[in-house]
Amino acid sequence: MEEKQQVSPVSAGLRARCPRCGEGRLFKGFLDLKPRCEACGLDYDFADAGDGPAVFIMMIAGFIIVGLALWVEFTWQPPYWVHAVLWVPLILILPLGLLRPLKGWLVAQQYRHSAREGRLHDVVETADNAGRDEDAK
Ligand SMILES: [Zn+2]
């Protein structure tokens, strides 16, 4: 029996640790997941955050950077090179800095809520094939 909900998804995500034990590392590269947790053996096959982190980052970083750029422009009206010097590095640094924590957080949320792809078999089984043998697993 698995112990769930011992580790906060936010904590696991920010520290890039296993969503079950909070000890093993989640990533083997910058964004590639390890096959399983080195501490508790949790198989990370369930984890597929897909484009989720990118969507959150586009919204969060876009909101922050565009907001700051507008504020700077309307407050000081600096020359355009000042905008380039300010925002080009931030456009690179902020999303890259957010990628790992957000992916870790989404993987931890997937683990906590047992999220996975929808399966047509489950729908068919509950609709009119209840009681039949289960061959999809
Ligand atoms: Zn673990």
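The values are calculated or read from the model by the stated rules, or taken from the named source; none is laboratory data. Because the structure is a prediction, the values reported are computed rather than measured. Backbone-built Cβ (ideal geometry, glycine too); neighbour counts: all protein chains shown. We work out accessible area using only protein heavy atoms, side chains counted, and drop any ligands, DNA or RNA first. Shrake-Rupley method; radii C 1.70, N 1.55, O 1.52, S 1.80 Å.
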Completion exercise
Cβ pairs under 7 Å, 6+ apart or interchain, first in segment 45-71 and within 19 Å of residue 33 (Cα to Cα), second open to solvent by 70 Å² or more (accessible area, probe 1.4 Å) and not in a helix (DSSP H, G or I), ordered by first then second residue, are 46/116
Exercise for the section: For segment 49-64, enumerate the residues that are under 10 Å from the mean Cα position of the chain (by Cα) and of a type in the set (Phe, Trp, Tyr). Expected result: 56
Practice task
Could you please find all residues in segment 8-64 being more than 8 Å from the ligand (Cβ to nearest atom), assigned to a loop (DSSP other than H, G, I, E, B) and over 14 Å from residue 103 (Cβ atoms)?
Solution key: 8, 35
Problem - Scope segment 70-93; condition assigned to a helix (DSSP H, G or I) and either open to solvent by less than 40 Å² (accessible area, probe 1.4 Å) or within 19 Å of residue 6 (Cα to Cα) (or both); matching residues - result: 72, 82, 83, 87
Exercise for the section: Please specify each residue of segment 12-32 satisfying the condition of being out of contact with any strand residue (DSSP E or B) (no Cβ under 8 Å at 6 or more places or on another chain) and either open to solvent by less than 50 Å² (accessible area, probe 1.4 Å) or free of Cβ contacts under 8 Å to residues at least 60 places away in the same chain (or both). Expected result: 12, 13, 19, 21, 22, 28, 29, 31, 32
